[in-house]
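Derivation of every value follows stated rules applied to the coordinates shown; laboratory data play no part. All figures in this text were calculated on a predicted structure; none of them were measured in a lab. Backbone-built Cβ (ideal geometry, glycine too); neighbour counts: all protein chains shown.
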Amino acid sequence: MSVRSALAALEFEGLLKSVQGKGVFVAGPKAKRNMDTLGGFHNTMRQSGGNTATRILSKTLRQAGPYYARLLEISPESTIWFIRRVENTAGEPVALEELYIPYSVVPGLEEVDIKLFSIYDIYQWNGIVLGEGHQTLRITRLPPMLAKHMDVPPEQAVMEFSCTTRDRGGRVVEFSRCYVRNDKAEFVVHFRHTNP
């Protein structure tokens, strides 16, 4: 019982990870992301200098439709880019990111290798200066197809970050949704007390 208690305590602290039917393993380091700055998971991981790789699952043009038209503040008939990619750290999937970008924002995106360059590089090349973002966090479960890409069972909870990003002129340039494994990443928020 004492060994089980010790293992449970170490797992709670994130130092060990148990895999049903396989055993208990030492947990690797977690990817860290600063939530104070505007930037997607891909960009953050690249700047951290870790051993990261991107796998593109989809990069297509589609109609916005009513839902994404409302989020992007464009007409439902407008053409948008849909990108879905998996971010790997040390050979393991950490995040699955979905991006919805109006075609008018980055019309030459089909010619850019988004495995090598971040979306934020592409914005800079197109003269887009990001102004602000509104991000929400919720805990959710992935559909089986997406859970398979993330190498997690469908019943495992993941963090879902949704963000609407605007340029300095107030135009919406992107809506993103990022699913992150909580056993592989941690997030930091800095705050300061201000006197009234």
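For the reader, a short list of remarks on this structure follows.
- Mean projected area of the convex hull spanned by the Cα atoms of the range 63-135, taken over all viewing directions: 5.8 nm².
- Size of the range 69-196 as Cα extents on the principal axes (Å, biggest first): 49, 39, 29
- Inter-part distance where the range 134-162 and the range 102-116 are each reduced to a Cα centre, Å: 26 Å
- Packing, taken as the mean count of other beta carbons within 10 Å per residue, orders the peptides 62-68, 146-152 from highest to lowest as 146-152, 62-68.
- The amide H of Val94, built 1.01 Å from its N in the peptide plane, has Glu87, Asn88, Thr89 as neighbours under 5 Å, considering only residues 5 or more places off or on other chains.
- With coordinates expressed along the principal axes, the C-alpha atoms belonging to the range 102-144 extend over 35, 27, 19 Å, beginning with the largest.
- Solution diffusion estimate, µm²/s, Stokes-Einstein, the range 56-101, Kirkwood Rh from C-alpha pairs, 10 °C, viscosity 1.306 mPa s: 138 µm²/s
- When you work out D = kT/(6 pi eta Rh) for the range 107-182 at 10 °C and 1.306 mPa s, using the Kirkwood radius from C-alpha pairs as Rh and the Stokes-Einstein form, the result is 111 µm²/s.
- In order along the range 109-124, the phi-based Karplus estimate (6.51 cos²θ - 1.76 cosθ + 1.60, θ = phi - 60°) of 3J(HN,Hα) comes to 5, 4, 8, 9, 7, 7, 7, 9, 10, 7, 4, 5, 4, 5, 4, 4 Hz; Gly and Pro are listed as x.
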